[in-house]
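Beneath this line is the structure, given in structure tokens, with notes to follow.
The values are calculated or read from the model by the stated rules, or taken from the named source; none is laboratory data. Small disclaimer: the values here were computed from a predicted structure and weren't measured. Cβ sites come from the backbone with ideal geometry, for glycine too, and all protein chains shown count toward neighbours.
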Amino acid sequence: MVGEAYSRLQVMSEDEANRMIYEARLKAQRDEYSRIQGALREGIQEGIQKGREEKLRLVRNFKNLGIPIEQIAQATGLSIDEIAAL
């Protein structure tokens, strides 16, 4: 860690042009990290939404097959009120 800090200090104390290049590269790295994290969060939310939609589709199919709401609730983890509302 000390070596890395010393290395960064050397870069920062060099001339203005090198410092600007270093800072631009550092900003690009941070921007890329931020973009990846945003995409990851978006992908997780999309997966959660698709899972929710699939669960509701299955509940509707179970209801259409005449399976009792209590059994559907037990199998899906949804409440009886949520299932009855579908």
Does Lys55 satisfy the criteria of being exposed (fewer than 11 other Cβ atoms within 10 Å of the Cβ), basic (Lys, Arg) and within 33 Å of the chain's Cα centre (by Cα)?
-> no
Contacts under 8 angstrom Cβ, first residue in region 18-33 being of a type outside the set (Lys, Arg), partner assigned to a helix (DSSP H, G or I) and at pLDDT below 90, 6 or more apart = Asn18/Val11; Tyr22/Val11; Tyr22/Met12
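Could you please give the count of residues in region 61-75 that are loosely packed, with under 13 Cβ neighbours inside 10 Å and not small (Gly, Ala, Ser)?
Of the residues in that region, 7 qualify.
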